[in-house]
Amino acid sequence: MENAATRLAEVRANIAKVCKPARRAPADVTLIAVSKTQDAATILPLIHAGQRVFGENRVQEAESKWPALREAYPDIELHLIGQLQSNKAEEAVALFDVIHSLDRPSLLTALAKAMDKAGRRVPCFVQVNIGDEAQKGGCPIAELPAFIAAVRAADVPLAGLMCIPPADTEAAPFFALLAKLAADHGLTGLSMGMSGDYETAVMLGATHIRVGTALFGQRG
Ligand SMILES: *Cc1c(COP(=O)(O)O)cnc(C)c1O
């Protein structure tokens, strides 16, 4: 029987294994345990196994379960990895330590305003629509230079770039493209890689990987 501790050890070992040929330090890769749809009873064993960085994709769901957990474990770091509506910016700024889904000027305005009001600057990754998919969130590649300039001008801390590659295709070329775009803009943070491809992402420079299924099992 696999449990949270053994799955976490496995994922950490896999990260270390690919860090070696990539000449990277495992400590430079932040493992975000994606706990969306998981309840506190499922999350706790992972916390007990030492995991402290978690990711959620919905503000409301995160609000319902994390304040209590964080009271018990104040060193937990919470990342918002899902799309964010501008009218939820204040809640997001209050609750999350990092936001991975900054992808449009209207949201930038809302987040900057929320950060001013809260007196708290939350680092944000700019999400890039790396596969140029019509239905997907993310800043179009063509608009990225102007958007990055706008983020910098708004004094919103820029953590790096984030992407979700198109489903059912080889992710590596998209990870490589995101790494190149980040380098072009002098950014070092790269949020890329999920359960199916985090090792590839680490090989290609990911600094933040977002792993759910490999840690928690299939979502119900
Ligand atoms: C759910 C989700 C993940 C984790 O996916 P798994 O395949 O379960 O590891 C990563 N990133 C985002 C944006 C997600 O919504």
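The values are calculated or read from the model by the stated rules, or taken from the named source; none is laboratory data. The structure presented is a predicted model; accordingly, all values stated were derived computationally and were not measured. For neighbour counting, all protein chains shown are included, and Cβ atoms are generated from backbone atoms with ideal geometry for every residue, glycine included.
Please work out which residue is farthest from residue 68 (Cα to Cα), limiting yourself to segment 19-38 and to residues that are in contact with a Lys or Arg (Cβ under 9 Å, 6 or more places away or on another chain) and within 16 Å of the ligand (Cβ to nearest atom). Quick ask: steps written out before the conclusion?
Filtering segment 19-38 down to residues in contact with a Lys or Arg (Cβ under 9 Å, 6 or more places away or on another chain) leaves 26, 31-38.
Narrowing the set further to residues that are within 16 Å of the ligand (Cβ to nearest atom) leaves 31-38.
Working: 31: 22, 32: 19, 33: 18, 34: 18, 35: 15, 36: 16, 37: 16, 38: 15 Å.
Filtering segment 19-38 for residues that are in contact with a Lys or Arg (Cβ under 9 Å, 6 or more places away or on another chain) and within 16 Å of the ligand (Cβ to nearest atom), the one farthest from residue 68 (Cα to Cα) comes out as 31.
Look through 158, 178, 187, 111 and report the one residue that is in contact with a Cys (Cβ under 9 Å, 6 or more places away or on another chain) and surrounded by fewer than 23 Cβ atoms within 10 Å (Cβ to Cβ).
On the way: 178 fails: surrounded by fewer than 23 Cβ atoms within 10 Å (Cβ to Cβ); 187 fails: in contact with a Cys (Cβ under 9 Å, 6 or more places away or on another chain); 111 fails: surrounded by fewer than 23 Cβ atoms within 10 Å (Cβ to Cβ).
158 is the lone residue from the list that is in contact with a Cys (Cβ under 9 Å, 6 or more places away or on another chain) and surrounded by fewer than 23 Cβ atoms within 10 Å (Cβ to Cβ).
Give 55, 50 a once-over and let me know the one that is outside any helix (DSSP H, G or I) and either surrounded by fewer than 15 Cβ atoms within 10 Å (Cβ to Cβ) or out of contact with any strand residue (DSSP E or B) (no Cβ under 6 Å at 6 or more places or on another chain) (or both). Before the answer, list the steps.
On the way: 55 fails: either surrounded by fewer than 15 Cβ atoms within 10 Å (Cβ to Cβ) or out of contact with any strand residue (DSSP E or B) (no Cβ under 6 Å at 6 or more places or on another chain) (or both).
Only one candidate qualifies: 50.
From 111, 107, which residue is touching a residue at least 40 places away in the same chain (Cβ under 8 Å) and either under 26 Å from residue 173 (Cβ atoms) or part of a helix (DSSP H, G or I) (or both)? Step through it out loud before you land on a result.
Working: 107 fails: touching a residue at least 40 places away in the same chain (Cβ under 8 Å).
Residue meeting the stated conditions: 111.
Output the residue which, of all residues in segment 17-47 that are without any contact (Cβ under 8 Å) to a residue 24 or more places away in the chain and outside any helix (DSSP H, G or I), is nearest to residue 97 (Cα to Cα).
25
Give the number of residues within segment 57-75 that are hydroxyl-bearing (Ser, Thr, Tyr) and more than 17 Å from residue 34 (Cβ to Cβ). Even if it seems obvious, please write down each step before you answer.
Applying the first criterion (hydroxyl-bearing (Ser, Thr, Tyr)) to segment 57-75 yields 64, 73.
Checking which are more than 17 Å from residue 34 (Cβ to Cβ) leaves us with 73.
Residues in segment 57-75 being hydroxyl-bearing (Ser, Thr, Tyr) and more than 17 Å from residue 34 (Cβ to Cβ): 1 in total.
Please go through segment 17-75 and pick out each residue that is closer than 18 Å to residue 95 by Cα and basic (Lys, Arg).
36, 52, 58, 65, 70
Go over the candidates 128, 151, 211, 202 one by one and state the one that is out of contact with any Ser or Thr (no Cβ under 7 Å at 6 or more places or on another chain) and either in contact (Cβ under 8 Å) with a residue 60 or more places away in the chain or of a type in the set (Phe, Trp, Tyr) (or both). If you could, list the steps in order and put the result at the bottom.
Working: 128 fails: either in contact (Cβ under 8 Å) with a residue 60 or more places away in the chain or of a type in the set (Phe, Trp, Tyr) (or both); 151 fails: either in contact (Cβ under 8 Å) with a residue 60 or more places away in the chain or of a type in the set (Phe, Trp, Tyr) (or both); 211 fails: out of contact with any Ser or Thr (no Cβ under 7 Å at 6 or more places or on another chain).
Testing whether each residue is out of contact with any Ser or Thr (no Cβ under 7 Å at 6 or more places or on another chain) and either in contact (Cβ under 8 Å) with a residue 60 or more places away in the chain or of a type in the set (Phe, Trp, Tyr) (or both) leaves just 202.
Scan segment 58-76 residue by residue and report those that are within 16 Å of the ligand (Cβ to nearest atom) and outside any helix (DSSP H, G or I).
Residue satisfying the conditions is 58 alone.
Consider segment 80-104. How many of its residues are assigned to a loop (DSSP other than H, G, I, E, B) and more than 15 Å from the ligand (Cβ to nearest atom)?
Initial filter on segment 80-104 (assigned to a loop (DSSP other than H, G, I, E, B)): 81-85, 96-97, 103-104.
This time we only want the ones that are more than 15 Å from the ligand (Cβ to nearest atom), so: 85, 97, 104.
Adding up the residues that qualify gives 3.
At least 2 residues that are within 14 Å of the ligand (Cβ to nearest atom) in each: list the helices (runs of 4 or more DSSP H) lying fully within segment 126-220 that qualify. Quick ask: steps written out before the conclusion?
Working: elements: 144-153, 172-184, 198-203, 213-216.
By residue number, 172-184, 198-203, 213-216.
Is there any pair with a first residue in segment 83-97 that is farther than 16 Å from residue 66 by Cα and a second that is at pLDDT below 95 and not β-branched (Val, Ile, Thr) whose Cβ atoms are under 6 Å apart and which are 6 or more apart or on different chains, and what are they?
What qualifies is 83/137.
Of everything in segment 66-82, what is surrounded by 16 or more Cβ atoms within 10 Å (Cβ to Cβ) and either under 27 Å from residue 138 (Cα atoms) or of a type in the set (Val, Ile, Thr) (or both)? Give them in sequence order.
Within segment 66-82, 66, 76, 78, 79, 80, 81, 82 qualify.
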